[in-house]
Amino acid sequence: VATSYAGVNKGSFYHFFPSKQALVLAVIEAYAQDLQQRWHVALSVTCSPLERLQRVFEATYEAHRHLVDNHGQMMGCPLGNFAVELSCQDDVIRQKLAETFDGWTGVIEGMLREAAANGDLPALDVDTTAQTLIAYFEGVLLLAKTQNDPGVVKKLARGAVYLVEAAARARLYE
């Protein structure tokens, strides 16, 4: 059904992908690389680490606003969508998604470590804070999708900053 909806016959699909799983894995890889590159750009700008973090959310808002303007629908994060729909059905896809989220976490960890080393942030639990930010990011996109409103991403961007500030305060009192 999906191949006919897309105007692609089944034979053409299997010429490029040996299975539907292979297609999903290719989509995950392509989207993950694209988003990770966008995050590297947003996080490498010369400004405070918390401003860089907000830039990630602002760029995400702009991308999703553009999609809604052109397609009328807030799509959310394709990888979050796959995680909800497929991670319990296909262990290979679940593992690829986990690796992808780990990669995104690594990008955030790098920014946090650099900021702490430069004295821009106090010492904090970089690993947990980065995972928390990824979970927050995915949750924000889920809420925006359910409300069909990319403005939710813009509205909740500051929450990511609050999470880092709270993590830094918590680390100071250990």
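What follows draws every value from the coordinates through simple rules; no lab data is involved. Source: prediction; values computed, not measured. All Cβ positions, glycine included, derive from the backbone under ideal geometry; neighbour counts span all protein chains shown.
Note down the net charge around residue 43, summing +1 for each Lys or Arg and -1 for each Asp or Glu among other residues with Cβ under 14 Å from its Cβ. Mind dumping the intermediate values first?
Working: positive: 38, 52, 55, 113; negative: 51, 58, 109, 114, 120.
Taking every Cβ under 14 Å from that of residue 43, the sum is -1.
Using the beta-carbon distance between residue 117 and residue 16 and R0 = 45 Å, what value does 1/(1 + (r/R0)^6) give for FRET efficiency, to the nearest 0.05?
Numbers: r = 45 Å, r/R0 = 0.99.
Computed FRET efficiency for residue 117 and residue 16 comes out at 0.50.
Between the stretch 59-110 and the stretch 134-155, how far is it from one alpha carbon centroid to the other, in angstrom?
Value for the Cα centre distance between the two parts: 12 Å.
Straight distance only, please: which aspartates and glutamates reach the Cα of residue 155 with their own Cα at less than 20 Å, same-chain residues fewer than 8 apart left out?
Filter leaves 51, 58, 62, 69, 138, 165.
What list of ³J(HN,Hα) values in whole Hz, one per residue of the stretch 94-99 in order, does the Karplus curve 6.51 cos²θ - 1.76 cosθ + 1.60 (θ = phi - 60°) give from phi, with Gly and Pro shown as x?
4, 5, 5, 5, 4, 4
Once phi is turned into ³J(HN,Hα) by the Karplus curve 6.51 cos²θ - 1.76 cosθ + 1.60 with θ = phi - 60°, what whole-Hz value does each residue of the stretch 121-137 show in order, with x for glycine and proline?
My calculation for the stretch 121-137 gives 9, x, 4, 8, 6, 4, 4, 5, 5, 5, 4, 4, 5, 5, 4, 5, 4 Hz in order.
Rounded to the nearest 500, what is the 222 nm mean residue ellipticity of the chain from helices alone, with -39500 (n - 2.57) per DSSP H run of 4+ residues and division by all residues?
So the calculated ellipticity at 222 nm is -26500 deg cm²/dmol.
Set the Förster radius R0 to 25 Å, insert the Cβ-Cβ distance between residue 158 and residue 125 as r into 1/(1 + (r/R0)^6), and round the FRET efficiency to 0.05.
That gives a FRET efficiency of 0.75.
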